[in-house]
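Worksheet: one structure, shown below.
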Amino acid sequence: MSQGADTFELHTHPGRLKKVKYRRPSSRQWEELDQETAMDMVADRLWESRERTFQETRDGESLMQTTAIAHLGGATLDIEENYLIKKLFTAGLGMVCLSNQARI
Amino acid sequence: MPGLGTSFGRGGATTAQQDLSNSDAIIIMGSSMAENHPVGFQWVMEARERGAKIIHVDPRFNRTSAMVDIWVPLRAGSDILFLGGLINYVLKNNKEFREYVVHYTNAATILRDDFRDTEDLDGFFSGWDAEKAKYDPESWLYKGAPSKNGGREKAGHSEAAAGHGKDRGGEAQDAGKFESDISLDHPRCVFQVMRRHFSRYTPEMVERYCGVPKEVFLKVAETFSSASGPEKTGAICYAVGWTQHSKGVQIIRSAAILQLLLGNIGRPGGGILALRGHASIQGSTDIPTLYDILPGYLPMPFFEADSHKLKDYIKKHKARTGSWSGFDKYFISLMKAYYGNAATKENDYGFNWLPRVTGDHSHFGYWLDMADGKMEGLFVMGQNPAVGASNGRLERKALANLKWLVVRDMVETETASFWLDSPEVERGELSPESIATEVFLFPAAGTAEKEGTFTNTQRLLQYREKPVDPPGDARSDTWFMFHLGRRIKEKARNDPRPRNAGLNALTWDYPTEGKHAEPGVESVLKEINGYTVADHKQLKHIQALKNDGSTACGAWIYCGVFPEDEKNRANERNPQDLLGHGWGFVWPNDCRIIYNRASARPDGKPWSERKKLVWWDEEKKQWAGLDNADYPKDLAPETKDNLKNGKGVEALGGARPFTLHPDGVGWLYVASGLKDGPLPTHYEPLESPVANPLYKQNANPAALKRERPDNPYANSPGDPRFPHVLSTYRLTEHHTAGGMTRTLSHLAELQPELFTEVSPELADEIGLTHGDWATISTPRAIIEARVLVTRRMRPLWIDGQRVHQVGLPYHWGYKGRVKGDVVNDLLAISEEPNVRIMETKALVCDIQPGRRPHGRELLKELEQKMEPA
């Protein structure tokens, strides 16, 4: 109940993230990044990893899978968000490693 | 989900929280409902005001215990002994609701001659393969029901499969065909098998191994079993205190058996309320971000188990009788929602564009791969595994093996900054220079800054409008996924390789609005609801789904939530009655209490005036009442079943309320669909201070320990290095791993510091002082916490030895306004066999006065601690 009562602060407190932060390999610090640039970079990483690790077939049968890219989270998200995650990542990209808090 | 799912047909809570006010008795167990579900707890209080007896079974006295009639402390991990004791009490004293049991459960069904119980085989059911460490469940099937197992793997028991999928026992056999004896006297009928199975769960056994005095147990048994019969009902509430065990599904199964025997499912004031721990735990399983299922509990295709022909996949998963006879309609409509016009009959509606599951791709399954350097990238969205997941040290170190990590959250979480300020960096195990992981941290919108739907603990879909825009670059995850998808699809657009066929076909034309091009969330919900392909009309009911590609539907169980273009039922806010009709939309079909056909007698009349809910209206010739009937609307009660030869739900006839099951009844005994047995049986936790009193087999044989040097275990039973029982839990003021609450001033002030609850007896024994520090250790980690000496904890006498229990809330970490050690570092990564959840509620630990060492000294101490005693 107290969590619900603090919803206003949850959205307005000074610790909220407002900019994209980026950490280069082996760096000791965060940098700020423009959101559109960050989206392009993430799309590139995702595409490259998929290209490197995708398996179309195994033993001559359809596999259409990558196990090298994963996703975690969903129980705090909306069902529409969960729907798009599963649709794009699994049905579109062949990612099978999807998981969330709801392993019950 | 499979605990309820296999017992009743659906993995959701059977009732609504408001309906608890109709109960005559309520058991809360595996949950501190007042603490963690305080809003819903008002209905428990309402029931108490009306005279209901409230029972709380919990190792700790907490905010819930303070408000109930009977508090029963028991040893963490002994739940099935206690519940089995209640079942045995009901059976021994003929307290079952006989007419309900005979007509609405599989008590009369006769089992195969080759089935052997754990009582016969010292802790194993028949079919155990010691080499593969798993069951062949063939011998568990009904006598007379033809086995459907033609493929290379048994349905629902594929090696890699978890249990979220739809196998509700109807896949391995044609369960409409079975032999039965409604006198319940046949020695191999479920009722008699169960009677023998639970016969050793006596009050004496409960006293000796749960630590619950016999007279307290009998008081609970008498109180709860009296909330049964035509005039009375009782409810059971549970939360992760039941699920997070190495046999969690079977604990829930025990509750299901008890409630079926007492005739408490589908009736007002009855039911089992699964209290979910996040806003949309239920929603994120219904519309899963899980590896083994597709929306609506359709199974993901498995590489070897499922054929590569749609026809064979459907044949395997479709049932002849009951609601799963519509499997092909649900699945093909999903393919149409995913792949649009490109999904055709000729290409099996894109069936082979879906990836195949080849192993354990659950959180722990792939995280261990990550630890072994086999993963490249990870998206973490609204979760904080660096402090929220078991064996945090392993979890955090594994992140350092990624090429790239994307985190989306409202604040900088421990997961996002593992490379900078984790305990491993402090201890010199990792250094930023040695970590090559590229990290992207995106600011996420909060719930008040985006539109969307949560599905709550009682299957209720509630749509939120957006009061304010998110600050700065913060965006919804809908925005993130949509625009990421747009970019990825662009990369694949002119690339004809087979891997891109599904991606190119994926329908992704959601309209956008506003300066940030936010996708229209309602358009996604409309797709989830489903529509006709030809003229794009919203579907009004599950019955409108077709198997010929003419309908599209993102999740068949949600069909009806958006029945017309301008009618979003999740956004309705005009409650008409106690059950809340008019407020939001409950799946399925706005049934607030599911299986509610069972609230009427077989002849269609209510069991009693006091407990009426849904009944047959003789004049209108349809089901009517206080809730939408969870039954074909005009299927008259006197309609004879045609289980042997019929098809569909109609074959169940007019008096079989559990319509997802091919035999239409509630399952006391689960013939297939579970990996660790058709009946619950007591096993000790993976780490336990005592040996299993029933069998030589100590722990659940089908559970996976994932034991390895970075995930070690204490010896069990009885490791003198770790003599006490440990449970982790949550507090009202904080949300799980604390990322959304430790950052807030009010909540941080209310619960500022990690503490450990210990009894005065334990404090005396080892010299702990209230308010001082204690160091708690397990084979995985050493942490420190403030000592709270309290009578809320008490030692229990277990088989002649005094067992102490230690409590630890787990909300703290190394960031936020208030900090504290990561309690989840103490836990092992372990997997319950059906859903692959870890054991957090019952493990062993040591506790000593004083603070822990820092830096490398801590690792040395951990090594010393692990030296054999």
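Quick notes on this one:
- The range B:724-866 - Rg over Rh from alpha carbon coordinates, Kirkwood radius: 0.97
- If you take all other residues with their beta carbon under 9 Å from the beta carbon of residue A:64, and give Lys and Arg +1 and Asp and Glu -1, the sum is +1.
- Taking a sphere under 14 Å around the Cβ of residue B:63 and counting the other residues whose Cβ falls inside, with K and R at +1 and D and E at -1, yields a net charge of -1.
- The residues B:219, B:397, when put in order of fewest to most other Cβ atoms within 10 Å, stand as B:219, B:397.
- Taking chain B and dividing mean pair separation by its residue count, relative contact order in percent (alpha carbons under 8 Å, at least six apart): 17 percent
- Range of Cα positions in the range B:482-587 per principal axis (Å), largest first: 55, 40, 22
- Among A:40, A:78, A:59: highest mean-square fluctuation, GNM of chain A, C-alpha pairs under 10 Å: A:59
- Listed from fewest to most Cβ neighbours within 10 Å, the set B:817, B:706 follows the order B:817, B:706.
- Contact order normalised by residue count of chain A, Cα under 8 Å, 6+ apart, percent: 18 percent
- Of the trypsin sites (Lys or Arg not before Pro) in chain A, the ones in a loop by DSSP (not H, G, I, E or B) with at most 14 other beta carbons within 10 Å are A:18, A:28.
- Taking N as its residue count, the alpha carbon Rg of the range B:207-361 over 2.2 N^0.38 Å: 1.42
- Set B:605/B:633; B:316/B:546; B:612/B:644; B:450/B:491 screened for pairs whose C-alpha atoms are more than 22 Å apart: B:612/B:644; B:450/B:491
- Among the trypsin sites (Lys or Arg not before Pro) found in the range B:305-361, those both in a DSSP coil and sparsely packed, with 15 or fewer other Cβ atoms within 10 Å of their Cβ, are B:309, B:345.
- Under 13 Å, Cβ to Cβ, from residue B:233 - net charge with Lys/Arg +1 and Asp/Glu -1: +4
- Cα-based Kirkwood hydrodynamic radius, chain B, one decimal, Å: 27.9 Å
- Ordered by the count of other Cβ atoms within 10 Å of each Cβ, fewest first, B:290, B:430, B:613, B:578 give B:578, B:430, B:613, B:290.
- Take every Cα pair under 8 Å whose residues are at least 6 apart in sequence, average their separation, divide by the length of the range A:54-104, and the relative contact order is 40 percent.
- Candidate aspartates and glutamates for bridging to residue B:345, where Cα separation is under 18 Å - those fewer than 8 sequence places away on the same chain excluded: B:312, B:328, B:548
Coordinate-derived values only; no laboratory data. Worth saying up front: this structure is predicted, and the values here are computed from it rather than measured. Methodologically, a virtual Cβ is constructed for each residue, glycine included, from the backbone with ideal geometry; neighbour enumeration extends over all protein chains shown.
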